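The values are calculated or read from the model by the stated rules, or taken from the named source; none is laboratory data. Keep in mind it's a predicted model, so treat the numbers as computed, not measured. Positions of Cβ are backbone-derived with ideal geometry, glycine not excepted, and every protein chain shown enters the neighbour counts.
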Amino acid sequence: MELLRSFTDMHYSIIQPPFTLKFRQMSEQELKDYYQWFLGMIPKRICELEGAVTATPSFETWSPDLSAVSLDALGVWFAENVETRQRTSEEVDKIQGLSTLKTDSPEEELTNKTFSLSLDIGMYLSQVLVNNYPNIKWHQPLDDKKFVDFGQPVLIGFGRVPLNPIRIIVTLAYGIASGKQTGIRLKEIYEYWSQHASKNTI
C-alpha cells in the first residue's frame, strides 16, 4: 500500500483553491468568482485525475470517457488511495466545542491529498451525470445562508433536491476511511442520482 501511494503521489498535484472556502463569510463577488473558477477547473482536474489513476499499476487503461462504467474502476482506485492523518489537539478541541454532546471525536482526519482527490472525483462524477442527462445543470445557491450548500456549485435537474457532488464524495471518503464504505459506493451514488434525473421527482 505504501508503495502504491508513493507512486501515485509522483503523478498527482493537489488542488490549491485561491479562496478561503468559508462560503458564508465570502462576499457575493468572491462567491461568484469561486463559482467561475470551479467550473473552469473541471477539465484540468479531470486530466490530473486521469494521470494519477493511469499511473497506478492495474489501472493503466482507465479512461475518463464520461461513461457510467468508468465509475466502477475509479471507485476501486479511490478506495485504495484514501488516506488519513492524526487530528491535531486543536482540531479535536474545536470539534468538541461545536458539539452539544460529550462524545469522543474521531482521532483521524482525511489528508489534503484525499480532500483534493474527492474534489476531482466529485467533478468527474458531475460530468458523467451531465453527459448522460442533458437536463442536469450547474447552479450556485446564494439566497439563503442557512442552506447547507450556500455558495457552493451544485447540480440541479433532479427535482427539488440539488446534488453537491463534492460534499457527497468527501462523505464517501470518510466512509471508506472508517471501513463503512467501499469503492463500489461511487457507482451506487451515480445510479441513485441518475434514477432521479430521469424521473425528476425528488
*Every residue from region 18-45 that is in contact with an Asp or Glu (Cβ under 7 Å, 6 or more places away or on another chain) and at pLDDT 95 or above*: ARG45
*asked:* Of the residues VAL69, VAL82, only one is modelled with pLDDT of 95 or more, β-branched (Val, Ile, Thr) and farther than 16 Å from TRP193 by Cα; which?
replied: VAL82
*Filter result (part of a loop (DSSP other than H, G, I, E, B) and surrounded by fewer than 17 Cβ atoms within 10 Å (Cβ to Cβ)) within region 41-58*: ALA55, PRO57, SER58
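The rows are residues; the columns are (1) closer than 14 Å to THR114 by Cα; (2) touching a residue at least 40 places away in the same chain (Cβ under 8 Å); (3) within 20 Å of the chain's Cα centre (by Cα).
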position	(1), (2), (3)
LEU21	no, no, yes
ARG24	no, yes, yes
LEU39	no, yes, yes
GLU50	no, no, yes
THR61	no, no, no
GLU80	yes, yes, yes
ARG87	no, no, no
*Considering every residue within region 179-198, establish whether at least one is at pLDDT 95 or above, within 20 Å of the chain's Cα centre (by Cα) and more than 20 Å from ALA68 (Cα to Cα).*
yes
